[in-house]
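Only one structure is covered here, and it is reproduced in the block below.
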Amino acid sequence: MDQDAIKIRLMRNEDFDAVVGIDRKITQDSRRQYYELKFDKLFKSKDYVPASLVAEDENGAVVGFVMGELYLGEYGILQEEATLDTIGVDPDFQHQGIGERLMHEFMEHMRSLGVEKINTLVHWNDANLIRFFSANKFSPSKTINLERVL
Ligand SMILES: CC(C)(COP(=O)(O)OP(=O)(O)OC[C@H]1O[C@@H](n2cnc3c(N)ncnc32)[C@H](O)[C@@H]1OP(=O)(O)O)[C@@H](O)C(=O)NCCC(=O)NCCS
């Protein structure tokens with residue numbers, strides 16, 4: 001596919017069904033509720049800064065997305081660290097550089113807002129995703145996430 005035909009833009013509330021659909025295609029699972037909460041935060045909270053993007057093909061169909069969180073801290077000052085929560089490209093459109101473009105635009109957008117570091121969590125055995133993040137200049141952080149099953 002011609003990369004110029006792919007447009008990256010800020011996510012809108014109307015992108016909900018497309019995002020849920022791509023996630024379902026990737027995970028084979030419906031995570032509608034998870035995305036309902038995320039979209040509520042994104043479009044209804046006044047402390048939440050728009051930081052999520054979608055990739056559109058030449059027909060305006062959403063073929064990928066990246067969702068991040070960036071909050072206004074005390075006194076309305078933007079925080080210097082933000083998170084990248086979810087990235088997904090429609091399996092029919094993967095391996096064409098769309099993920100890399102989403103990542104690049106996300107970083108530029110965050111940088112323009114004053115963010116200096118992006119955190120993300122990846123499951124330790126998700127080798128493909130770790131390779132993708134590593135190719136996009138992410139490296140393991142110096143803290144580890146501990147948990148205890150109850
Ligand atoms: C990780 C993910 C976002 C990458 O998206 P993508 O659009 O395929 O990413 P890119 O095309 O930029 O890069 C992927 C690979 O394609 C290669 N590639 C990029 N452009 C290419 C091209 N024109 N021709 C051939 N290969 C290409 C890249 O080098 C990269 O190779 P690698 O995997 O060997 O490192 C996508 O695979 C995905 O959505 N995975 C599932 C993630 C997930 O579980 N999310 C949670 C639920 S939504």
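None of the figures in this text is laboratory data; all of them are computed from the coordinates on show. Computed from a predicted model, the values in this text were never measured in an experiment. Counting neighbours? That spans all protein chains shown, and the Cβs are built from the backbone with ideal geometry, glycine included.
Mind listing whichever residues of the stretch 93-144 are at positive phi, more than 7 Å from the ligand (Cβ to nearest atom) and not basic (Lys, Arg)?
First, the residues of the stretch 93-144 that are at positive phi: 95, 97, 114, 137.
From what is left, the residues that are more than 7 Å from the ligand (Cβ to nearest atom) are 114, 137.
If the condition is that a residue be at positive phi, more than 7 Å from the ligand (Cβ to nearest atom) and not basic (Lys, Arg), then GLY114 is the only one that fits.
Check VAL19 against each of (1) under 20 Å from ALA135 (Cβ atoms); (2) hydrophobic (A, V, I, L, M, F, W, C); (3) within 10 Å of the ligand (Cβ to nearest atom) and name the one condition it does not meet.
(1)
Looking at this structure, is VAL89 farther than 18 Å from THR27 by Cα and in contact with a Leu (Cβ under 8 Å, 6 or more places away or on another chain)?
No.
Looking at the stretch 114-140, I want the residues that are among the acidic types (Asp, Glu) and have a partner that is in a loop (DSSP other than H, G, I, E, B) with Cβ atoms under 6 Å, at least 6 apart or on another chain. Which pairs are those?
Qualifying pairs under 6 Å: GLU116/GLU80.
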